[in-house]
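The values are calculated or read from the model by the stated rules, or taken from the named source; none is laboratory data. Being a predicted model, the structure only gives us computed values, none of them experimental. Here the Cβ positions follow ideal geometry from the backbone for every residue, glycine too, while neighbour counts run over all protein chains shown.
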Amino acid sequence: VFAEANGVQRDAALNADLCVIGAGAAGITLARSFIGTSVRVAVLESGGLQFDTATQDLYKGPNVGLPYFPLDTPRLRMFGGTTNHWAGVCRPFDEADFAKRAWIPYSGWPFGTSEMDPYYARAEQVVHLQGDHWSTQDWVKQDTLGPLPLAGDQVETRVDQIVPEAFRSFSTDYGDQIKAASNVTVYLDANVTEIETDPSGAAVTRLRVATLSGNRFTVAAPAYVLAVGGIENPRLLLASRQHHPNGIGNDHGLVGRFFLEHPRFIAGMIAPAERNLGVGFYLQHRIGQTIIQPRVGITRSAQQAEGMADVQFTLDPVYDPALQQANQSTDVAAMKALRHAIARHGLGDIGSELSTVIGDLMTWDRFVVPGAPLPVPYPEVVGEVMRVTPRDRQSLIPGLLGDVASFVYTRMEGNIPVNSVTVTARFEPIPNPDSRVTLSTERDELGMPRAELDWQLSDADKHNVERGMQILAGAVGGSGVGRVKITFDEHASSWPADLAGGYHLMGTTRMHEDPRRGVVDPDGLVHGMSNLYIAGSSVFPTAGSGNPTMLIVALTLRLSDHLKGALR
Amino acid sequence: VRLIPPTDADRLAGLFSDRASARAVGRASLRALGGDRSASALVDEVAAALPDGRRTIAGASEDDLRELLAARVRDDFGSGSILDVQGWQLSSTEVRLYAIAALV
């Protein structure tokens, strides 16, 4: 059931059997796993069922490190949490993601795929994945498009699955189920401002809750789960100093450190040897009922041989300017423009000339991968156009027409000529204790110190990207696909201006068996505490190669199994 | 009229269907290679990696020569013999071929 925190009697002392802080992917997954049990679950959610600016403002805080998104933008403070703007990208971590890699400091999870695979299988159901397998070869067999025949054994094709847009929001997916659950109460507009402990500091005794309207009350339970994300989890621990001068779980100064993202930027381009190079496989597209997003990655054996962390690449074709223009058009001029999409521009410097001559040296392997690079509009896009209000529909139609025009063009003219292919590198950063969340001197509307983010990357990260690009260049050049230009200089004093994260906030309460090296133990229990657990990507010791949401759900299912035993 | 047979450098440069483009890449390649490079010296460097060296360049059919050079380019990428030309990651063999095209 849902309850409005402003309707709770002021200074009331509420009780539950399990108290969950936060109703995002982790919090909702945890609460759902207890539906129908005898465990009374209280979920404290800062937001409501709808987005609210004043609530979202509580997320604001200064960035003092590398340029990063304003802290109120990569996450959502409302029921359903950040799943409300989730892109739906899923791929499980593999064995190497979990493994301790001697060449990567601070790497290694307490367990591996044998522990997580059963939970991943359940997590796939939770996030509504249509496909149930992760073998690249299986997808390639089913696809009418195909991967580029890149040379050597240092690169591989990886396939992400994309959760259909209609199923991404946990609020939409599970709101009704939660509402109908008699043993689960979600308190909306309920902000936890402090975690209180007994005088020994080893057990949480209650949570202080405040609303923006001024109500105050407390909630107590035998067990607590902190599930408010990679910035708020450390923020709340650090701000809870009643019996912990440095914050709860912070005896070894680790809370907030090791902030991880999945950094990415455009690191280069490919000049194709053939104008009608088929790169449609690497665009998000549909196979049967499943939407996939293939990428190119550095193989694990190459990573080990090179002593590097994971690097993967997204390949985006750049079409002729006339086509690009047509894609943004809304009328018949689009079709006319497409017919003239023959000019070759955009590579710059010697790229155009290079693209002309490299074909002369590739007689051993002239190839064209057939297929239309641009997808037919997805049914859900068409459906979305039909569903929304007429006013919103206007903003969707240009994109739809562009897709239609491109599709018709490919049917009429064959492959769309590709000028170049943009290579966006995304990499696994080396865990870095200096990359951290701390408390700002600024305070929010509730009087809590705001979070301050000091995002840091290292020279080793720069080297990994550079080396990854060089490996990609060898694979592209050796196969005859084309040539790679690296537009990134690892020796430059700064990172590229387009450096950004993926809205993946990880690592700030990392998991490790040793309290001197981790904030939580392998069960998610805060070291030194008897009844405070943490769920979510803040426990990730490494960022891995896959996107975090499915692992967040899988780890939460694992935690719920543990709690069911502990609360018995 | 006395016909002057094409030089080895001419044969290599002649493999490119678009000489203007090859010269443009070649000028950048020469800067990347550094120093004063003569066409003859560059041909020697290319020939050193071919069976029978200059004799192959002079005597092989165009198709065979192209295949041999393509294999060298492929091997370069496989073995990491790659040069950076204005950021472009090119095989060390092809860089020399482009440079030759710029010099003849």
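Here are some notes:
- Pick from region A:68-85, criterion in contact with a helix residue (DSSP H, G or I) (Cβ under 6 Å, 6 or more places away or on another chain) and in a loop (DSSP other than H, G, I, E, B), ranking: surrounded by the fewest Cβ atoms within 10 Å (Cβ to Cβ): A:Asp72
- Any hit, region A:162-172, residues being out of contact with any helix residue (DSSP H, G or I) (no Cβ under 9 Å at 6 or more places or on another chain) and either within 14 Å of chain B (Cβ to nearest Cβ) or not β-branched (Val, Ile, Thr) (or both): no
- Scan of region A:4-26 for residues that are of a type outside the set (A, V, I, L, M) and assigned to a helix (DSSP H, G or I), ordered by number: A:Asn6, A:Gly7
- Criterion violated by B:Glu45 - all others in (1) within 13 Å of the chain's Cα centre (by Cα); (2) within 8 Å of another protein chain (Cβ to nearest Cβ) satisfied: (2)
- The residue pairs whose first member lies in region B:61-87 and is part of a helix (DSSP H, G or I), whose second member is of a type in the set (Val, Ile, Thr) and crowded, with 19+ Cβ neighbours inside 10 Å, and whose beta carbons are closer than 6 Å, counting only pairs six or more residues apart or on different chains, are B:Arg72/B:Thr93; B:Val73/B:Thr93; B:Asp76/B:Thr93.
- Applying the criterion of being within 14 Å of another protein chain (Cβ to nearest Cβ) and in contact with a Lys or Arg (Cβ under 8 Å, 6 or more places away or on another chain) to the residues of region B:1-26, the residue that is surrounded by the fewest Cβ atoms within 10 Å (Cβ to Cβ) is B:Leu15.
- Unmet requirement for A:Glu232, which otherwise passes all of (1) within 30 Å of A:Cys90 (Cβ to Cβ); (2) away from chain B (no Cβ under 14 Å); (3) touching a Leu at 6+ places or on another chain (Cβ under 8 Å): (3)
- Those residues of region A:469-492 which are aliphatic (A, V, I, L, M) and within 29 Å of the chain's Cα centre (by Cα), in sequence order: A:Met469, A:Ile471, A:Leu472, A:Ala473, A:Ala475, A:Val476, A:Val484, A:Ile486, A:Ala492
- So A:Ala221, is it under 17 Å from A:Ile534 (Cα atoms), surrounded by fewer than 18 Cβ atoms within 10 Å (Cβ to Cβ) and in contact (Cβ under 8 Å) with a residue 24 or more places away in the chain: no
- Hits in region A:53-67 - residues which are touching a residue at least 40 places away in the same chain (Cβ under 8 Å) and either surrounded by fewer than 20 Cβ atoms within 10 Å (Cβ to Cβ) or among the aliphatic types (A, V, I, L, M) (or both): A:Ala54, A:Asp57, A:Leu58, A:Lys60, A:Pro62, A:Asn63, A:Val64, A:Gly65, A:Leu66, A:Pro67
- Of the residues making up region A:248-263, at least one is not in a loop (DSSP other than H, G, I, E, B) and not polar (S, T, N, Q).
- Condition check for A:Ala460: part of a helix (DSSP H, G or I) and either more than 24 Å from A:Glu156 (Cα to Cα) or within 24 Å of the chain's Cα centre (by Cα) (or both): yes
- Residue match in region A:440-447 (condition: within 14 Å of chain B (Cβ to nearest Cβ) and among the β-branched types (Val, Ile, Thr)): no
- Restricting attention to region A:88-126, the residues that are surrounded by 15 or more Cβ atoms within 10 Å (Cβ to Cβ) and part of a loop (DSSP other than H, G, I, E, B) add up to 14.
- Selected residue (criterion: farthest from the other protein chains (Cβ to nearest Cβ)) from residues of region A:505-526 that are part of a loop (DSSP other than H, G, I, E, B) and surrounded by 22 or more Cβ atoms within 10 Å (Cβ to Cβ): A:Gly524
- In region A:256-299, residue nearest to the chain's Cα centre (by Cα) [restricted to those that are more than 26 Å from A:Pro496 (Cβ to Cβ) and basic (Lys, Arg)]: A:Arg286
For (1) within 14 Å of chain A (Cβ to nearest Cβ); (2) crowded, with 20+ Cβ neighbours inside 10 Å, each residue gets a yes or a no:
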position: B:Ala28; (1), (2): yes, yes
position: B:Pro51; (1), (2): no, no
position: B:Arg55; (1), (2): no, no
position: B:Asp84; (1), (2): yes, no
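- Residue check, A:Ser46 in contact with a Lys or Arg (Cβ under 9 Å, 6 or more places away or on another chain), at pLDDT 95 or above and within 18 Å of A:Glu232 (Cα to Cα): yes
- Hits in region B:87-100 - residues which are closer than 22 Å to B:Ser17 by Cβ and within 8 Å of another protein chain (Cβ to nearest Cβ): B:Trp88, B:Leu90, B:Ser91, B:Glu94, B:Leu97, B:Tyr98
- Neighbours by Cβ (under 6 Å, 6+ apart or cross-chain): first from region A:472-485, facing chain B (nearest Cβ under 7 Å); second surrounded by fewer than 24 Cβ atoms within 10 Å (Cβ to Cβ) and assigned to a helix (DSSP H, G or I): A:Gly478/B:Arg74; A:Gly478/B:Gly78
- Residue check for A:Val376: outside any helix (DSSP H, G or I) and modelled with pLDDT of 95 or more: no
- Every residue from region A:455-503 that is more than 23 Å from A:Glu353 (Cα to Cα) and in contact with a Gly (Cβ under 8 Å, 6 or more places away or on another chain): A:Trp455, A:Gln456
- Selection count, region A:129-147, where residues are touching a helix residue (DSSP H, G or I) at 6+ places or on another chain (Cβ under 7 Å) and surrounded by 14 or more Cβ atoms within 10 Å (Cβ to Cβ): 4
- Residue in region B:46-56 that is assigned to a helix (DSSP H, G or I) and in contact with a Leu (Cβ under 9 Å, 6 or more places away or on another chain) present: yes
- Matching option when the condition is among the hydroxyl-bearing types (Ser, Thr, Tyr) and touching a Gly at 6+ places or on another chain (Cβ under 7 Å), among A:Thr157, A:Thr144: A:Thr144
- For region A:49-67, the criterion of a residue being within 17 Å of A:Thr549 (Cβ to Cβ), at pLDDT 95 or above and under 22 Å from the mean Cα position of the chain (by Cα) is satisfied by no position.
- For region B:57-74, a residue qualifies if it is more than 8 Å from chain A (Cβ to nearest Cβ), of a type outside the set (A, V, I, L, M, F, W, C) and under 13 Å from B:Thr93 (Cβ atoms), and exactly one does: B:Arg72.
- Members of region A:174-196 that are in a strand (DSSP E or B) and crowded, with 21+ Cβ neighbours inside 10 Å: A:Val184, A:Val186, A:Tyr187, A:Leu188, A:Asn191, A:Val192, A:Ile195
- Within region A:141-168, the set of residues being closer than 22 Å to A:Gly477 by Cβ and part of a loop (DSSP other than H, G, I, E, B) comprises A:Gly146, A:Pro147, A:Leu148, A:Pro149, A:Leu150, A:Ala151, A:Gly152, A:Asp153, A:Gln154.
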